[in-house]
Amino acid sequence: MKYLFWAYTITWLVLFAYTVSIGLRQNKIDKELKWIKKLIDERKGRTVNK
Amino acid sequence: MDKGSIKNKAATFFGVLTLIVMVVNLYLIFLWVPEEKVLGVVQKIFYFHVGTAWVAFFAFFIVFVFSILYLRTQKGKWDQIAAASAEIGTVFTTVVLITGPIWAKSSWNTWWTWEPRLTTSLILWFIYLAYILVRSSVTEYEKKARLSAVFGIIGFIDVPIVFFSVRWWSVSHPTLFAGGGMNLAPEMFLTLMVSVATFTLLYFYYLWQVVAVFQARDRAKDLKKELRGSLS
């Protein structure tokens, strides 16, 4: 029974860790995209004001 | 409704569907399917072990197909799908390489033996780990995509070797396909099929998410170029 328990527990942990890693990467890239877009908008705003 | 929110809703629906099928799969494994008479309860590792192995093979087949497509067309989206599939396939092979030895310990009383199925599976894992390392070490996009496509095509050669190794050489690893059919009771066969379907759904869910990350990364690169251009 302990082998069955560990096989399923480790499988779930690996899949959970991978799901979390995808989520973290998504959040990181979303933040980066927002930051770049903000910079571009600011830059465009300055150019228009000039 | 914009395209982005439709995509998000579809991804959420797909994720929830995968979760529901996963719960059904666990019910079948732990509460419905009978225990195997010789191996006992530990045989239930089989449903996750075979399910994840199938998805790993399928993922590497997708890498193979989309690598060929990339080399023929040079379209970045094919490279993204191949790269995402290689990553997911490696994760599933990791699960196979963890559940296999646990099952081996309970059945053969050893964690690892250098028999053909196990050895070729370990080689498969190393091949796609190298694929991921190649991608992360090369910075120039064209070169990275071309190199990994070649790697993805050559690396796939090991998949049929892993699959047929039990027929060609192995004496100790259990054989699922023998004499033209599967040696399984109907309940076990159904549970295995649900398990395979569950992990296939999970694979597509992951593929969707990882490709979205790669696309967003490319978009960020383009925007950075645009920003640099506007600053200079």
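The values are calculated or read from the model by the stated rules, or taken from the named source; none is laboratory data. Please read these numbers as outputs of a predicted model, since none were measured by experiment. Here the Cβ is made from the backbone with ideal geometry for all residues, glycine too, and neighbour counts use every protein chain on show.
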Legend entry - Extreme residue, modelled with the highest pLDDT, among residues of the range B:19-42 that are assigned to a loop (DSSP other than H, G, I, E, B) and more than 14 Å from B:Val194 (Cβ to Cβ): B:Pro34
Legend entry - the range B:211-232 - residue that is more than 7 Å from every other protein chain (Cβ to nearest Cβ) and of a type in the set (D, E, K, R) and, of those, farthest from A:Asn27 (Cα to Cα): B:Arg228
Inset, instruction - Give the residue, chosen from A:Leu24, A:Leu33, A:Leu4, A:Leu39, that is within 9 Å of chain B (Cβ to nearest Cβ), closer than 19 Å to B:Phe214 by Cα and assigned to a helix (DSSP H, G or I). - result: A:Leu33
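Does B:Val166 fit the bill of being hydrophobic (A, V, I, L, M, F, W, C), at pLDDT below 90, crowded, with 17+ Cβ neighbours inside 10 Å and in a helix (DSSP H, G or I)? Spell out how you get there, then give the answer.
Working: hydrophobic (A, V, I, L, M, F, W, C): yes; at pLDDT below 90: yes; crowded, with 17+ Cβ neighbours inside 10 Å: yes; in a helix (DSSP H, G or I): yes.
Yes: the conditions hold for B:Val166.
Condition check: over 17 Å from B:Val134 (Cβ atoms), touching a residue at least 60 places away in the same chain (Cβ under 8 Å), part of a helix (DSSP H, G or I) and away from chain A (no Cβ under 14 Å). Does B:Phe48 satisfy that?
On the way: over 17 Å from B:Val134 (Cβ atoms): yes; touching a residue at least 60 places away in the same chain (Cβ under 8 Å): yes; part of a helix (DSSP H, G or I): yes; away from chain A (no Cβ under 14 Å): no.
So B:Phe48 does not fit the description; no.
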Legend entry - Residue under evaluation B:Leu28, criteria (1) touching a Leu at 6+ places or on another chain (Cβ under 8 Å); (2) more than 24 Å from A:Ser21 (Cα to Cα); (3) buried (at least 22 other Cβ atoms within 10 Å of the Cβ), criterion not met: (3)
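Listed here are the residues, each with its yes/no results for (1) at pLDDT 95 or above; (2) within 20 Å of the chain's Cα centre (by Cα); (3) at negative phi; (4) loosely packed, with under 13 Cβ neighbours inside 10 Å.
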site: B:Arg72; (1), (2), (3), (4): yes, no, yes, yes
site: B:Ala83; (1), (2), (3), (4): yes, yes, yes, no
site: B:Ile88; (1), (2), (3), (4): yes, yes, yes, no
site: B:Thr93; (1), (2), (3), (4): yes, yes, yes, no
site: B:Trp108; (1), (2), (3), (4): no, no, yes, no
site: B:Glu115; (1), (2), (3), (4): no, no, yes, no
site: B:Trp125; (1), (2), (3), (4): yes, yes, yes, no
site: B:Phe151; (1), (2), (3), (4): no, yes, yes, no
